[in-house]
1. Just wondering, is there one or more residues in the range 254-262 that are under 21 Å from the mean Cα position of the chain (by Cα), farther than 30 Å from GLU443 by Cα and not in a helix (DSSP H, G or I)?
2. Looking at this structure, is TYR196 open to solvent by less than 20 Å² (accessible area, probe 1.4 Å) and either touching a residue at least 24 places away in the same chain (Cβ under 8 Å) or farther than 23 Å from ILE433 by Cα (or both)?
3. Can you name the residue in the range 696-710 that is in contact (Cβ under 8 Å) with a residue 40 or more places away in the chain and aliphatic (A, V, I, L, M) and, of all such residues, is most open to solvent (accessible area, probe 1.4 Å)?
4. From the set of residues in the range 609-618 that are open to solvent by 50 Å² or more (accessible area, probe 1.4 Å) and closer than 13 Å to ALA327 by Cβ, which is modelled with the lowest pLDDT?
5. What do you reckon, is ALA519 in contact (Cβ under 8 Å) with a residue 24 or more places away in the chain, touching a Gly at 6+ places or on another chain (Cβ under 9 Å), farther than 17 Å from THR583 by Cβ and surrounded by fewer than 19 Cβ atoms within 10 Å (Cβ to Cβ)?
6. Run ALA508 past the list (1) in contact with a strand residue (DSSP E or B) (Cβ under 7 Å, 6 or more places away or on another chain); (2) open to solvent by less than 40 Å² (accessible area, probe 1.4 Å); (3) farther than 21 Å from PHE45 by Cα and report the number of the one that doesn't hold.
7. If I filter the range 154-178 down to residues being buried (at least 19 other Cβ atoms within 10 Å of the Cβ) and modelled with pLDDT of 80 or more, which single residue comes out as nearest to ASP482 (Cα to Cα)?
8. ASN570 fails exactly one of the following numbered conditions: (1) modelled with pLDDT of 90 or more; (2) crowded, with 16+ Cβ neighbours inside 10 Å. What is the number of that condition?
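The values are calculated or read from the model by the stated rules, or taken from the named source; none is laboratory data. What you see is a predicted model; the values in this text were computed from it and never measured. Cβ atoms come from the backbone with ideal geometry, glycine included; neighbour counts cover every protein chain shown. For accessibility, only protein heavy atoms count, side chains too; no ligands or nucleic acids. Shrake-Rupley method; radii C 1.70, N 1.55, O 1.52, S 1.80 Å.
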Amino acid sequence: MRKYRLPVLIVFALFSAAAVYGCFNLKFTFDFSQFFPRGDDDLAFFLEFIEEFEGDDNFLLVALERENGVFDSTFLDNAHDFALKARDLDYIEGVQSLTTFAYPLKTPFAVTTIPAIHRDDPSRYKADSLRIMQDERFVNNLINERGTALVVLLKTESLINMTGEGDGPSSIDKSNALMAGVEGLMANYDFEDYHYLGSAFFQKEMVDMQVREVSVSAVISGILVFFIMFLLFRRPLGILVSLVSIGLGLLLFLGLLGLLGRELNAIAALYPVLMIIVGTSDVIHIMSKYIDELRAGKDKETAIKITIREIGMATLLTSLTTAVGFATLLTSRINPIRDFGINAALGVMVAYVTVIFFTTALLSYLSVDQIVKIGKQQAFWDRLLDRAYRFTKQSPGKIKIGAAFFAVFCALGISMITTNNRIESALPRGKKITTDFLFFEKELAGFRPFEMAVTAKDSAQITDFDVMTEIGRIEDYVKEFDAVRSTASITAIYRSINQMFNNNRPDAYELPTDERTYAKYRSLARQIPALSLNVLMSKDGKKARITSRLNDLGADSTQAFLARTDAWVNANIDTSLVEVRSTGTGVIIDKNSQYIRENLLQGLGLAILIVCVLMMLLFRNWKMLIVSLVPNVLPLLFAGATLGYLGIELEAGVSIVFAIIFGIAVDDTIHFLAKYKLARGRGRSIDDAIQVTFKEAGKAIVLTSVVLFFGFLVMLFSIHPPSVTIGLLISLTLASAVLSDLLLIPLLLRWLDK
């Protein structure tokens, strides 16, 4: 390393320049289709379904508020003007509002229309209001129950490319352009308040949050690491070497992601924290060993050789096991989790290569006095670790009883885990997207889409009287649930015609009960443009959709609702006439709760298997497998118990906690056992080897655990609730991991290493 240190530093300087360029090409993305489970039958059906119809989230709702009621001429004129001008915005295909809606009216001469709201005649506002507030098509859809918010529905182009094909603007570019147009238009009006709901708004706001999260987490983590390095080394050069090494690892990682075109998704805020603390851990182990060798009287060249030989190999193994922990996320069916696994595994190895080459090259220029200020802190660490060693030797019974009680405590907590995750729990705190989402949940129909696909069997057509009647029965049943705030289907055409023939009475909005009347309405329905019907019925007349919006019940509660609905359909609908299947983006995403549990167990099982193989290659002793695995199972149990006791929902983002914990927690075990193996190889007894390990490796293990604990606590500054949960869980669990290592490993070694 001393021979080639200058070329190594030059190569890293060139890499840094390329990485800076790559950072400017980083791409952030967010859309709900990312969370669709790969290879799922229901997903395949849904993709075919939207090819025949269209997606269920191609809308942007704009709620305009007036606390004293929307039936005011100035307010209505402004709302109507906004709706008309919104038609000219990019990516808008149509607009609907109460100010643009008209009832069909049958006269002796022809069918004409009357406006739902007579904007130019305030004397008719009271009658208009009474009629509108009794019409189920409007309440919770285009106006809230209190009559204080009017909704303008903007029908948008498909902003999400489900197949990933095509060369046009990306979904986030479309969303940004659409929202910029809407915001620019909104600035021309003086509404008391307004709220947005829709995929374009979600994409824009969530991507903005991701950029903020990555920046803030990097800055706060950097400040934390500087503080820790100052306490450790107290010398400018020692602090500088460590900070430059850690920062370079992060720069190379982010630059590599940019150069490879990897997109950063909702979990991207973890990358800076992860890279900084993993890099810090590697740096502390390398620099601590180098300092110990220099203090022992070794020259710089010999000290570097010993450091690379002894710590470099252990650090390589810890990097591999950490990378393996992340790589097991490839078993997930959810793309953001798979991407995180690949990127994080890549980042861990980038951090290792940076430290093992760049950091050691810099260290080879420095003496111990230039790196660290030796003081009373060393004596403090010696006393602390000696007490820990003596406790494991003198009180093995207490440790065993404590471990048993801890395992029972964890088992009870794990039994309380729920997967009833809600959309709200993933929204940023204190941001407009969250307040707007909650407004629509409370005042209107909410966001979570729910679809039912109805297929007419054999020679039957959707427009047949019997088929239409069955669709109407299904729709009426679904509307009975409090969570369902809005429904629409092809029956709306015939209900509206029936209402028209009955003087537009609100109670006449229902299907005709006899086939003769229905036949008369059907001839009128044929006059409606095909374009208006295609979103509700397929062109061949064999399929129809019942579209609804649900409250944000949670994944498990929604699954219970679906199961109950399917059971009712099978018991009450003529399934020889129609086939009914639940679908929609909400249904597909909610299936993740099922796959999260399955993939979690599969991924951890695979990680444990691979770590076992690596341990066998390192120690060539099956007993060491038990020694290395037992202390790392308890932290995993503790993570699960924490979820249960705190009532934290197990969702896609939180599920990665277990891979992170196992991948990082096993690092301290490897460093402990690697040092123990070296000591035993030099002829020391079991107790002497354990004592030496506590003295020489214990400080680095405890320090890196402190760094990991506070490093992940940085996530508490996040505005993204899942990130806060992840940071808290990992910090608490890794604290338990270091205690597990220092207390259990000595007991297991004394028992097994005969």
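1. Yes, some residue in the range 254-262 is under 21 Å from the mean Cα position of the chain (by Cα), farther than 30 Å from GLU443 by Cα and not in a helix (DSSP H, G or I).
2. The answer is yes for TYR196.
3. VAL706
4. ILE610
5. no
6. Unmet condition: (1).
7. Looking at the filtered set, the residue picked out is LEU154.
8. ASN570 satisfies every listed condition except (2).
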